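The values are calculated or read from the model by the stated rules, or taken from the named source; none is laboratory data. The structure displayed is predicted, hence computed values, not measured ones. FYI the Cβ positions are ideal-geometry reconstructions off the backbone, even for glycines, and counts take in every protein chain you see. Keep in mind that these areas ignore ligands, DNA and RNA; they rest on the heavy atoms of the full protein, side chains included. Shrake-Rupley method; radii C 1.70, N 1.55, O 1.52, S 1.80 Å.
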Amino acid sequence: DQQVKQNSPSLSVQEGRISILNCDYTNSMFDYFLWYKKYPAEGPTFLISISSIKDKNEDGRFTVFLNKSAKHLSLHIVPSQPGDSAVYFCAASLYGQNFVFGPGTRLSVLP
Amino acid sequence: DAGITQSPRHKVTETGTPVTLRCHQTENHRYMYWYRQDPGHGLRLIHYSYGVKDTDKGEVSDGYSVSRSKTEDFLLTLESATSSQTSVYFCAISEQGGGTGELFFGEGSRLTVL
């Protein structure tokens, strides 16, 4: 059973609008979360992270929100750009253990 | 970009043959990882290393072995490849292990087992 879930395999958004990618996890002890972006034929690249002691982390157009009670995090991209079209992976870890990745969500930003 | 090179980038092989994938880093990072990416599963950890000659199993280690004789090289071996091992394999490195630091990924090695 997957510990990290991304229930939307794909998402399409118009350029300039907000993209919201969701991630749910089952282990309430996870204390560190990351988002990775992956283009075709390339390796994943780090996007943004958040510690469980925070509920929000912002980096330019990217903001990650963490709701510990709901065991849910989301990545907001505002405004969305065509270059944001990629697969986004959510990952979680418990201190001292390796990251667990979700299955990914494919984002398409339409011009 | 982190200096990570994977080889080969593409390989087609037949069931039952041995296959070795190589990961080479120039960052002198202590931790190295092998993941496989499959549709619907995301990235799953196969094996990882926390130092020269120090390795451990990940989530999906059956059918795979690894070796790390030098800091910069981490080899993944499929002793007898099966069709279920058709996948894209990613090497990753990090300065800090145990899910506390950022992972840097290589470009991937696409393996097809016929």
Query raised in the report: Listed residues B:Ser67, B:Ser80; which is closer than 19 Å to B:Pro18 by Cα, free of Cβ contacts under 8 Å to residues at least 24 places away in the same chain, open to solvent by 10 Å² or more (accessible area, probe 1.4 Å) and more than 14 Å from chain A (Cβ to nearest Cβ)?
Result: B:Ser67
Report task. Would you point out the residue of the stretch B:88-114, among those that are more than 14 Å from every other protein chain (Cβ to nearest Cβ) and surrounded by 19 or more Cβ atoms within 10 Å (Cβ to Cβ), that is nearest to A:Trp35 (Cα to Cα)? Result -> B:Leu111
Query raised in the report: Regarding B:Asp56, is this residue more than 10 Å from the chain's Cα centre (by Cα), over 20 Å from A:Lys38 (Cβ atoms) and without any contact (Cβ under 8 Å) to a residue 12 or more places away in the chain?
Result: yes
**Report entry** All strands (runs of 3 or more DSSP E) inside the stretch A:25-111 with 3 or more residues being open to solvent by 20 Å² or more (accessible area, probe 1.4 Å) and within 14 Å of chain B (Cβ to nearest Cβ)
**Finding:** A:32-38, A:45-51
Query raised in the report: Among the strands (runs of 3 or more DSSP E) contained in the stretch B:30-101, which hold 2 or more residues that are of a type in the set (Asp, Glu)?
Result: B:54-57
Query raised in the report: Where residues in the stretch B:9-31 are within 30 Å of A:Ser10 (Cα to Cα) and away from chain A (no Cβ under 12 Å), which of them is nearest to the chain's Cα centre (by Cα)?
Result: B:Lys11
